[in-house]
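The values are calculated or read from the model by the stated rules, or taken from the named source; none is laboratory data. For clarity, every value in this text was computed on a predicted model and none was experimentally measured. For neighbour counting, all protein chains shown are included, and Cβ atoms are generated from backbone atoms with ideal geometry for every residue, glycine included.
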Amino acid sequence: MALSALLLTSLLSFFPRTTSSFLPARECPILGPAYDRDFDLLPTEAFQAAKSSFSSKIESLFESGELNRTHSVFAIDVYSTYTNESIFNYFYTGSALKEGFPSGTMDDETVWRVGSVSKLFTLYAILAHATRGVFEQPVTVFLPELKRGSSPEDKPLRWIDWDQITIGALAAQQAGAGGMQFLKIMRDSKRPTAPPFSTALYADGGWGALGRVLERMTGLSYNDAIQQVLSKPLGLDHTSSYKPNGTEVNGMIVPDAISWGWDNQVTAPSGGIYSNCRDVRRMGLSILHSTLLDTTTTNWWMKPHSHTASLTFSVGAPWEIYRLTLPVSSNSTRYRISDQYTKGGGNDGYGTIAALSPDHGLGYTVFVGGPGSGSERWSLLEATGGTFVPAAELAGRENARKLFAGTYVDKISKKGTNMTITVDPDHPGLGIESLFLEGVDSLGSLSVGTAALPSENVTVRLYPAGLEEDLGDGKVKKKYRAIPQSLPADSRSKAEGGKKFFDVECQSWFSVGFSGALDEFVFTRVDGKVVEVRSVGAKAGMKRFGE
């Protein structure tokens, strides 16, 4: 694909569109990946073009003044669950900050302050140690000091009822406790800012409390708990709530920034961690692979807990979730929704973003230092995510076209049974162009509910179901779900560029699995190559034609 096409695609995916030029996909996909993500992004045309374009994007940020050429220093890391290692990195040091590296260099192991990304370490450690059941427990189970005795002075407008605040409420910024204070102060002086679970309000003080909860759970200090629960099993050799020791430490020490060495252990769970590209990458990969958590817990964790006033931003625990509109193909004016799970952080002189794209098995991290780090981290997030997330989507299409597209035939048990799978411009997922079962055109029989769709104007797309079975010796079975829909289906809400008040068209999640196995297709791969697709409902296994 031409470099200019990828650049346009990247820009389209992150910047606002007019409703006349950018609309939802005609089909209504299920939320999640549009394509298989178990492949190497590196050799794809889309990813190579993204890598080639990145330097020019950084240069444009310097020219626009969004980045300071002399007083900025930053490190960017992009990684994949397929390779389990970095697939792209970028380091830059402005001339005025070259003395900020005692070791004289910057690399994958250079230590930075991560600010509120510390919250991600804290919550991950709590989940890994205690499992998700702890989310429903009142914080006073672990911190009885927060209990208030019965008193005439207890007023709901004046005091926080900590017995009603759960671990989950604190983790999801929904405790209604507001800013940064602590335990006796939190009990006696902290005023409620909203009822529990009513809305998301950023709360550093709540994370100080969660750090104390982690200490009570483990019987260890906060730093020792992080080392025991996360660093030891994941190999996070440079992650700590204390600054690294030594005179020639491999760290980015921003001149005149007071945060380096300010190691207050009360606030450390909220914003006091030191880490580096390698350790954040290892943590991100462990989350995407469910290394410390079971898959169900990971899926539960990576969900919104609250919405905000923005249609494109939700709040998790402690995820900051951006709802992206990704073009469904190169230069397309149709999009699908893809969620990015991020956590931003900042200390004096430092800014950090840790981001995961579960749809693509992709993670990316931004570290930035200097006087403008607070705003520069967002510009670098835009440049990094806006380049590599659309590239991963296009790479998924590229891989799907090579791996899945083609005609499949049952030559053994059901004569006249075949299906043709396509990857189409302006359409998400895999298309079923035709489906014949024992000579009968059966595309329209992939029902919505119990009503068969008419054979004309019906479209059926296949999407990964997230379920697979490893049979060993390189043989893997992966389940896909067929989503049938009658076209046109453009009667969407005004917020999506349509004319309706409510979006009643995109309701595919209602019908998935409604008719048992009728919409279920299983692909068998051997050493990465698709050799068979099976219609579970029709009990028909079809081999790729010509092989």
Exercise for the section: Looking only at the range 115-136, decide whether some residue is closer than 25 Å to Thr239 by Cβ, in a loop (DSSP other than H, G, I, E, B) and at pLDDT 95 or above. Expected result: no
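To keep it simple, each residue is scored yes or no on (1) surrounded by 18 or more Cβ atoms within 10 Å (Cβ to Cβ); (2) touching a residue at least 12 places away in the same chain (Cβ under 8 Å); (3) in a helix (DSSP H, G or I).
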residue	(1), (2), (3)
Pro29	yes, yes, no
Ser52	no, yes, yes
Glu63	no, no, yes
His71	yes, yes, no
Tyr79	yes, yes, no
Asn89	no, yes, no
Glu109	no, yes, no
Fill in the blank from the handout: Scanning the range 409-424 residue by residue, those at pLDDT 95 or above and surrounded by fewer than 15 Cβ atoms within 10 Å (Cβ to Cβ) turn out to be none
Practice task
With the condition kept exactly as written, say whether any residue in the range 434-441 is over 30 Å from Gly528 (Cβ atoms) and surrounded by 18 or more Cβ atoms within 10 Å (Cβ to Cβ).
Solution key: no
Problem - Output for the range 223-242, where each listed residue is in contact (Cβ under 8 Å) with a residue 60 or more places away in the chain and either aromatic (Phe, Trp, Tyr) or touching a Gly at 6+ places or on another chain (Cβ under 6 Å) (or both) - result: Ser241
Fill in the blank from the handout: the range 469-547: strands (runs of 3 or more DSSP E) wholly inside it with 1 or more residues that are acidic (Asp, Glu) are 520-526, 529-535
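Table: residues versus (1) polar (S, T, N, Q); (2) out of contact with any strand residue (DSSP E or B) (no Cβ under 8 Å at 6 or more places or on another chain).
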position	(1), (2)
Arg334	no, no
Thr352	yes, no
Ala355	no, no
Thr365	yes, no
Glu376	no, no
Gly385	no, no
Ala391	no, yes
Handout entry: Verdict on Ser486 being more than 27 Å from the chain's Cα centre (by Cα), free of Cβ contacts under 8 Å to residues at least 60 places away in the same chain and closer than 20 Å to Gly429 by Cα
Key = yes
Exercise for the section: Might you check whether a residue that is surrounded by fewer than 19 Cβ atoms within 10 Å (Cβ to Cβ) and not hydroxyl-bearing (Ser, Thr, Tyr) occurs anywhere in the range 116-125? Expected result: no
Exercise for the section: Say whether the condition of being buried (at least 21 other Cβ atoms within 10 Å of the Cβ) and either of a type in the set (Ser, Thr, Tyr) or at positive phi (or both) is met by at least one residue in the range 246-256. Expected result: no
